[in-house]
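Visitor: I'd like to ask you about the structure that follows.
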Amino acid sequence: MRSLSHLNKYLYKYRVRLLSGLLFVSLSAWLKTYSVEYISESIDWVGKNMSQSAGFMPAALGHIVKLAILFFGITLISGFFLFLTRQTIIVTSRLIEYDLKNEVFEHYQKLDLAFYKRNNTGDLMNRISEDVSQVRNYVGPAIMYTTNTITIVAFTLIYMVKINLIYTLYVFSPLPILYFSVYYISNLINNRSTVVKQQLSVLFSKAQESFSGIRIIKSYMLEKTLVHDFEKECIEYKKKNMFLVNADALFQPFLMFLIGISMVLIIFVGGRQMLIGRVTSGEVLAFVIYVNNLIMPVASVGWITSLVQRAAASQTRINEFLQTEPTIKSEDEHPIEVSGELEFDKVSFIYPDTGIQALSDVSFKVGTQESLGIVGRTGSGKSTVAQLICRLYDTTSGVVWVDGKNIRHIPLSSLRSKVGYVPQEVFLFSDTIAANISFSTDGEGAELRKKVEQSAKDAAIYDNIIEFTDGFDTYVGERGVTLSGGQKQRVSIARAMLKAPAILVMDDCLSAVDTNTEQEILYNLQRYMQGRTTIIISHRVSSVKMCDKILLLEKGSVAEYGTHEQLIAANSHYKEMYEMQMTEELQGEKA
Ligand SMILES: Nc1ncnc2c1ncn2[C@@H]1O[C@H](COP(=O)(O)OP(=O)(O)OP(=O)(O)O)[C@@H](O)[C@H]1O
Ligand SMILES: [Mg+2]
């Protein structure tokens, strides 16, 4: 339960709304109870005067009409208060839900890549959607129904004891049983519905996976197997749902049974008390109404107890994420200029989750406005270097210096606003091409559009884009499914170019384009590279040839380092690679 104290700051924030809500609940409960006393007195009045004067009938009728109007009025006002209660407390719970969702999402954005490696997307989604909704039940319905129950029980008790203490004790005795049994059944229902929801999410992810992998499924003819698999999960889902329905079906009849027993008790005990003249018939009627008023609130508390327990469990899960501190953060957020000098000083890096040593003792230096090409076989650590430059991870040992400052002491926002990173795996948002290129750049309208077009030209994608019917306003579909691999890569390059960064890092982003397009991009890049530090990572020597310095990585270590000419002259591995790739290219051209 302690986990729920995280919400206190929000309860405090909305205290005025909440407190007025509590006042409205209490007023509504009091009116409901008060009206009963009025009914019972009137019944007794009618009973007493029945056998007296002849002019009784019109008087009684008048009395009853007055009673009806008053009762109607009170019910109306009580209902109005109930409306106000929902407008205050339930609205508060929605506001808190909104705040909490934003808090969690904002925190997600701060967390580092290692966190995302540890936790799967489903779990992240669950905590921000399902768990937050569970918590809303605590701040909304739980607070509202609990206050309602407390006030109704308190007021009713006062009125009942005023009539007759012994009678009250008898009538109250089944209520604890009602509370505990409703609590028990609610728990049963909740547990079973959790199981149903889990199965539903299994079903969802199965379906989702089959949609995203549809190309593989069709080409390997896996349709039948998948349909069979899905059907199996569906049967499981049905079974679990039936189990839930059983518990659900128990709820209403059981409640009715308990209500029935209470009524029998009231009439039985009331009748006996009436016979010995301790209570009047109006008072017995009052008891019937009182207990009717009490049953739903008392039952709701049983249901609420189970809700609060679930909310607490959900909040514990949310807190677990909220209390996770990002390991990558800046001590000082005061913005500074980054001009782009870059140095790796004996950098080693071990991936925290797998323990794989990706880099060992890597050193190199790139001056402002210089360029560095990094080549190496697959798995040699090239992408790791790129990620360390963006500070997506911190080094295990050694230091990355930027402009002579330790990268850890540069505010993240200053660093990342100056680094243009083209990742190896392209990611496009399901938006237009223009929006995908320009999302990190300020500005709007025609001026921005001109810049977008220029960077599209630099990335050699302009001609492709204008061939689409909607041009730059073409929607790329989820993750860019409507573009080819090479087109996606070039949109991603245009995005980084538009940012006009001080440091441009291109991670193997020419792998999916043909040699001619590669040359075109590289040609444009040479002009673009003036005035910024550029890191080009590639498998192909042709992509890095024109860089000021070239680094060959082997199994995470620097194997060779120098200019293209130096490395070619030195009879190096680099030279071997170069010659092999040149021959392949020539053969390709001949063929
Ligand atoms: N996120 C990660 N978590 C754990 N280990 C990783 C991760 N990314 C890479 N590695 C490991 O680190 C090593 C270096 O990987 P890296 O991605 O830097 O290679 P690369 O040179 O970019 O390869 P490629 O040319 O195939 O892109 C590999 O052994 C890889 O298995
Ligand atoms: Mg890589």
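The values are calculated or read from the model by the stated rules, or taken from the named source; none is laboratory data. Given the structure is predicted, the values throughout are model-derived calculations rather than measurements. Every residue, glycine as well, gets a Cβ built from its backbone with ideal geometry; the counts of neighbours run over all protein chains shown. Just the protein is used for accessible areas: all its heavy atoms, side chains included, with ligands, DNA and RNA removed. Shrake-Rupley method; radii C 1.70, N 1.55, O 1.52, S 1.80 Å.
Visitor: What lysines could a cross-link reach from residue 224, if we take a straight Cα to Cα line under 20 Å and drop same-chain neighbours fewer than 8 places away?
Guide: Straight-distance partners of residue 224: 206, 232.
Visitor: Rounded to the nearest percent, how much of the accessible area of segment 342-590 (1.4 Å probe, protein heavy atoms only) is carbon and sulfur?
Guide: Exposed carbon and sulfur together represent 48 percent of the surface.
Visitor: Another question about this same structure. Tell me which lysines have Cα within less than 16 Å of residue 450's Cα, excluding those fewer than 8 residues away on the same chain?
Guide: 499
Visitor: On C-alpha positions alone, give me the angle between the axis of helix 281-322 and the longest principal axis of the chain, in degrees, nearest 10.
Guide: The helix 281-322 is inclined about 10 degrees to the chain.
Visitor: Also, I was wondering about something else. What is the percent of Cα-Cα separations in segment 16-113 that go past 19 Å?
Guide: More than 19 Å apart: 63 percent of the Cα pairs in segment 16-113.
Visitor: Any chance you could give the angle, 0 to 90 degrees and rounded to 10, that helix 174-212 forms with the longest Cα principal axis of the chain?
Guide: Relative to the chain, helix 174-212 is tipped by roughly 30 degrees.
Visitor: Determine, at each q value in 0.17 (inverse angstroms), the log₁₀ of I(q)/I(0) that the Debye formula gives when each Cα of segment 49-180 is one equal point scatterer.
Guide: -1.06
Visitor: Scan segment 294-374 for GluC sites (Glu not before Pro) in coil per DSSP, keeping those whose Cβ has at most 15 other Cβ atoms within 10 Å, and list them by number.
Guide: Listed in order of number, the matching sites are 331, 333, 337.
Visitor: Using 1/(1 + (r/R0)^6) with R0 = 45 angstrom and r between the beta carbons of residue 57 and residue 252, what's the FRET efficiency to the nearest 0.05?
Guide: 0.55
Visitor: Based on the Cα gyration tensor of segment 371-414, what are the three equivalent ellipsoid semi-axes, each the root of five times an eigenvalue, rounded to whole Å and given largest first?
Guide: Computed over segment 371-414, the values are 21, 12, 10 Å.
Visitor: Each residue of segment 390-404 in order: what ³J(HN,Hα) in whole Hz does its phi give by Karplus 6.51 cos²θ - 1.76 cosθ + 1.60, θ = phi - 60°, with x for Gly and Pro?
Guide: Ordered by residue, 3J(HN,Hα) equals 7, 6, 6, 9, 9, 5, 7, 8, x, 10, 9, 9, 10, 6, x Hz.
Visitor: Compute, for residue 303, the solvent-accessible surface of its heavy atoms (probe 1.4 Å) with the complete set of protein chains present, and express it in square angstrom to the nearest 10.
Guide: 100
Visitor: Residue by residue through segment 511-527, what is 3J(HN,Hα) from phi via Karplus (6.51 cos²θ - 1.76 cosθ + 1.60, θ = phi - 60°)? Round to whole Hz and write x for glycine and proline.
Guide: Once θ is set to phi - 60°, the couplings for segment 511-527 become 5, 9, 10, 6, 4, 5, 5, 4, 5, 5, 5, 5, 4, 5, 5, 4, 5 Hz.
Visitor: Next question. Could you go through segment 379-389 in sequence order and give the Karplus-derived ³J(HN,Hα) for each residue, using 6.51 cos²θ - 1.76 cosθ + 1.60 with θ = phi - 60°, rounded to whole Hz, and x for Gly and Pro?
Guide: Working through the residues one at a time gives x, 7, x, 5, 5, 4, 4, 4, 5, 6, 5 Hz.
Visitor: Need the list of lysines near residue 101 for cross-linking: C-alpha distance under 23 angstrom, and skip anything on the same chain fewer than eight residues off.
Guide: Partners within reach: 9, 13, 110, 117, 197, 329.
Visitor: Can you compute the FRET efficiency between residue 162 and residue 322 using 1/(1 + (r/R0)^6), with r the Cβ-Cβ distance and R0 = 51 Å? Round to the nearest 0.05.
Guide: That gives a FRET efficiency of 0.55.
Visitor: Quick one: what do you get for the chain if you divide its Cα Rg by 2.2 N^0.38 Å?
Guide: Taking the Cα Rg and dividing by 2.2 N^0.38 Å, one obtains 1.47.
Visitor: Students sometimes get this wrong: rank 206, 66 by accessible area, probe 1.4 Å, all chains present, largest first.
Guide: Final ranking, largest accessible area leading: 66, 206.
Visitor: Further, regarding this structure: Largest first, how would 254, 24, 72, 287 line up by accessible area (1.4 Å probe)?
Guide: 72, 254, 24, 287
Visitor: Mind grabbing the base-10 log of I(q)/I(0) for segment 342-590 at q = 0.08, 0.12, 0.13, 0.14 Å⁻¹? Debye formula, identical points on the C-alpha positions, no solvent, two decimal places.
Guide: -0.31, -0.71, -0.83, -0.96
Visitor: Using 0.36 nm per residue of separation minus the Cα-Cα distance, give me the extension gain between residue 454 and residue 313 in nm, one decimal.
Guide: 45.5 nm
Visitor: Just to be sure I understand the model, the point goes 7 Å from the Cα along the line to the Cβ. What's the resulting residue 17 to residue 361 distance in nm?
Guide: Once both label points are built, they end up 6.2 nm from each other.
Visitor: Okay, moving on. Which values, in whole Å and largest first, are the semi-axes of the equivalent ellipsoid of segment 133-181 obtained as the square root of 5 times each eigenvalue of the Cα gyration tensor?
Guide: Here the semi-axes work out to 28, 14, 4 Å.
Visitor: How far, in degrees from 0 to 90, does helix 143-163 lean away from the longest principal axis of the Cα atoms of the chain, to the nearest 10?
Guide: It is inclined by approximately 10 degrees.
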